[in-house]
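J.: Here it is: the structure, laid out below.
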Amino acid sequence: MNATSPEAAAPGRVVLLTTSHRVAPGLLSWPAWQALHSADRVLCADGAHPQLPYLREAGIEVAEAAPTAQELIEACADGRTVVVVATGEGEPALTDGLARLAGTGRVQMPDLELLPASYDLPGARLLDLVQVMDRIRAECPWSSQQTHKGLAKYGIEEAYELVEAIEDGDRDELREELGDVLLQVVFHARIAEEDPDAPFSIDDVAGGIVTKLIHRHPHVFGDETATTPEEVKEHWLRTKAVEKQRESVTDGVPLGQPGLALAAKLASRVRTAGLEVPLPTGEGLGYDLLAMAVRAEASGVDPEAALRVAARAYRDAVRAAEGVSS
């Protein structure tokens, strides 16, 4: 076809239809359905494409074909519209071929349109993570043997590495460490599916935290009002106390956490509850550190974080004394 010929026929239209495997097959946008129903031909190179049964059920005839760029242009002759249902790879060979023909300037090109038929919702890549974890659990000799107890130490390590990334202010490192923490959640949930007595899945984990968040935010999802962070915290603790039916404000405080963090957490619970509890007296540095941690918490300072900042400065001083660059 000569693009300069006044008698050239109408070039037609090519619609490259893309879909997301993270959205259930058949759930396509209205413009996508319109393009499919009005097309002169609908092609798909993958006969096992998950969308094909739903398209055919909707009365759309789909031909299994992988045309070259030139063949596709010829199929659009006389103003015809051809819809190509893209495979998961997105048809790079076809699009590259069309780009080369267009670059010659000697071919009358059809109108080219990229039409996303379904979109990933926020959080859609979490589905990929679940699928990858499923396969690793089934096929990896190491991962398939892991238990909750065996992985516990990694959860602690990843949490500390996340804290370090936050304190360093390194955005790339923060993103990576968040992924490592998320991996621990998905890994444990996958292991939990295999428990013979009380199995649960990642959906149960997510569903539980969604329910908890909604219930503990009545000022967002209900009729209560909170205008300050302090009021939000009061809502949270009050709702949590009803849910847990705890006898003491200290219930649920993990005693295995670092000492300064533990002291600050206990002090926070006491202060929030409005209790007057004298500090225990005794001999030794531990009681002095307890008093310091309680004072720090009352002043709005996280003593554990403050000590880490000082310790990191000390680390830098040691390296400087050794002549080692930071």
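J.: For residue 152 and residue 237 in the same chain, what is the full-extension length gain: residue separation times 0.36 nm, less their Cα-Cα distance, in nm?
T.: On the way: separation 85, 0.36 × 85 = 30.60 nm, distance 2.74 nm.
Answer, rounded to one decimal: 27.9 nm.
J.: With a 1.4 Å probe and every protein chain kept in, tell me what percent of the accessible surface of the chain is carbon plus sulfur. Intermediate results must be reported in sequence, preceding the final value.
T.: Numbers: 11890 of 20960 Å².
Of all accessible area on the chain, carbon and sulfur atoms account for 57 percent.
J.: Next question, about the same structure. By how many nm would the segment from residue 38 to residue 104 grow when fully extended, if each residue of separation counts as 0.36 nm and the alpha-carbon distance is taken off?
T.: Numbers: separation 66, 0.36 × 66 = 23.76 nm, distance 3.03 nm.
Fully extending the segment from residue 38 to residue 104 adds 20.7 nm.
J.: While we're here: Compute the FRET efficiency between residue 159 and residue 302 as 1/(1 + (r/R0)^6), taking r as their Cβ-Cβ distance and R0 = 22 Å, and round to the nearest 0.05. Could you put the intermediate results ahead of the total?
T.: Values: r = 15 Å, r/R0 = 0.69.
Once rounded, the FRET efficiency stands at 0.90.
J.: If I stretch the segment between residue 166 and residue 10 completely, what's the gain in nm (0.36 nm per residue apart, minus their alpha carbon distance), one decimal? Mind dumping the intermediate values first?
T.: Values: separation 156, 0.36 × 156 = 56.16 nm, distance 5.91 nm.
Answer, rounded to one decimal: 50.2 nm.
J.: With label points built 7 Å along Cα→Cβ from the Cα atoms of residue 138 and residue 316, find their separation and express it in nm.
T.: Distance between label points: 5.0 nm.
J.: Rounded to the nearest 20 Debye, what is the dipole magnitude of the chain about its Cα centre when Lys and Arg each give +1 and Asp and Glu each give -1 at the C-beta?
T.: On the way: 30 positive and 52 negative charges, 89 e Å.
In total the dipole reaches around 420 debye.
J.: Within the range 87-175, report the trypsin sites (Lys or Arg not before Pro) that DSSP leaves as loop and that have at most 15 other Cβ atoms within 10 Å. Spell out each step's value before the answer.
T.: On the way: sites: 100, 106, 125, 135, 137, 149, 153, 171, 175; in loops: 106.
Listed in order of number, the matching sites are 106.
J.: Using a basic spin-label model with each label point 7 Å from the Cα along Cα→Cβ, how many nm lie between residue 185 and residue 114?
T.: 3.1 nm
J.: Among the lysines, select those whose C-alpha is under 26 Å from the C-alpha of residue 240, and discard any that sit fewer than 8 residues away in the same chain.
T.: 212, 265
J.: Right, here's the next one. Tell me which of 82, 225, 30 sits at the most positive position along the dipole axis of the chain, charges placed on C-beta atoms (Lys, Arg +1; Asp, Glu -1).
T.: 225
J.: Let me ask another. Which listed residue (235, 214, 12) has the Cα farthest towards the positive end of the charge dipole for the chain, taking +1 on Lys and Arg C-beta and -1 on Asp and Glu C-beta about the Cα centre?
T.: Sorting the options by dipole projection puts first 235.
J.: Now, a different point. Candidates [x] 16.2; [y] 20.5; [z] 29.7; which is the computed mean projected area of the Cα convex hull in nm²?
T.: Entry [z].
J.: Turning to a different aspect of this structure: Place a label point 7 angstrom from the Cα of residue 255 along the Cα-to-Cβ direction, then list the residues of the range 274-297 whose backbone nitrogen is under 18 Å away.
T.: Answer for this model: 280-281, 286-287, 290.
J.: If we count GluC sites (Glu not before Pro) as exposed when they sit in a DSSP loop and have at most 15 other beta carbons within 10 Å, what is the longest stretch of the chain that avoids them all?
T.: On the way: sites that count: 7, 61, 89, 193, 194, 224, 247, 276, 283.
Between the exposed loop sites, the longest stretch runs 90-192.
J.: If you put +1 on each Lys and Arg Cβ and -1 on each Asp and Glu Cβ, how big is the dipole of the range 180-288 around its Cα centre, in Debye rounded to 20? Walk me through the numbers before you get to the answer.
T.: On the way: 11 positive and 18 negative charges, 64 e Å.
Taking the Cα centre of the range 180-288 as origin, the dipole is about 300 debye.
J.: Counting other Cβ atoms within 10 Å, which chymotrypsin sites (Phe, Trp or Tyr not before Pro) in the range 200-301 have at most 16 and lie in a DSSP loop? Walk me through the numbers before you get to the answer.
T.: On the way: sites: 200, 221, 236, 287; in loops: 200.
In loop regions of the range 200-301 (DSSP not H, G, I, E or B), the sparsely surrounded chymotrypsin sites (Phe, Trp or Tyr not before Pro) are 200.
J.: Charges at C-beta only: +1 for Lys and Arg, -1 for Asp and Glu. How large is the resulting dipole of the range 51-174 about its Cα centre, in Debye rounded to 20? Provide the component values of the computation, followed by the final result.
T.: Numbers: 10 positive and 24 negative charges, 85 e Å.
Result for the range 51-174 is approximately 400 debye, rounded to the nearest 20.
J.: Mind checking the per residue accessible area of the range 256-326 for me, 1.4 Å probe, whole number of Å²?
T.: That works out to 69 Å² per residue.
J.: Given the whole protein assembly as supplied and a 1.4 Å probe, what does the accessible area of residue 111 come to in Å², nearest 10?
T.: Surface open to solvent at residue 111 totals about 100 Å².
J.: As a test of the formula, what do you get for the chain when each DSSP H run with n ≥ 4 contributes -39,500 (n - 2.57) and the sum is divided by the residue count, at 222 nm and rounded to the nearest 500 deg cm²/dmol?
T.: Details: 13 runs with 176 residues, N = 326.
Using -39500 (n - 2.57) per qualifying helix, the result is -17500 deg cm²/dmol.
The values are calculated or read from the model by the stated rules, or taken from the named source; none is laboratory data. Being a predicted model, the structure only gives us computed values, none of them experimental. When we count neighbours, we look across all protein chains shown, and the Cβ atoms used for this are built from the backbone with ideal geometry, even at glycine. For the accessible areas, the whole protein counts, side chains as well, though only heavy atoms, and no ligand, DNA or RNA atoms are used. Shrake-Rupley method; radii C 1.70, N 1.55, O 1.52, S 1.80 Å.
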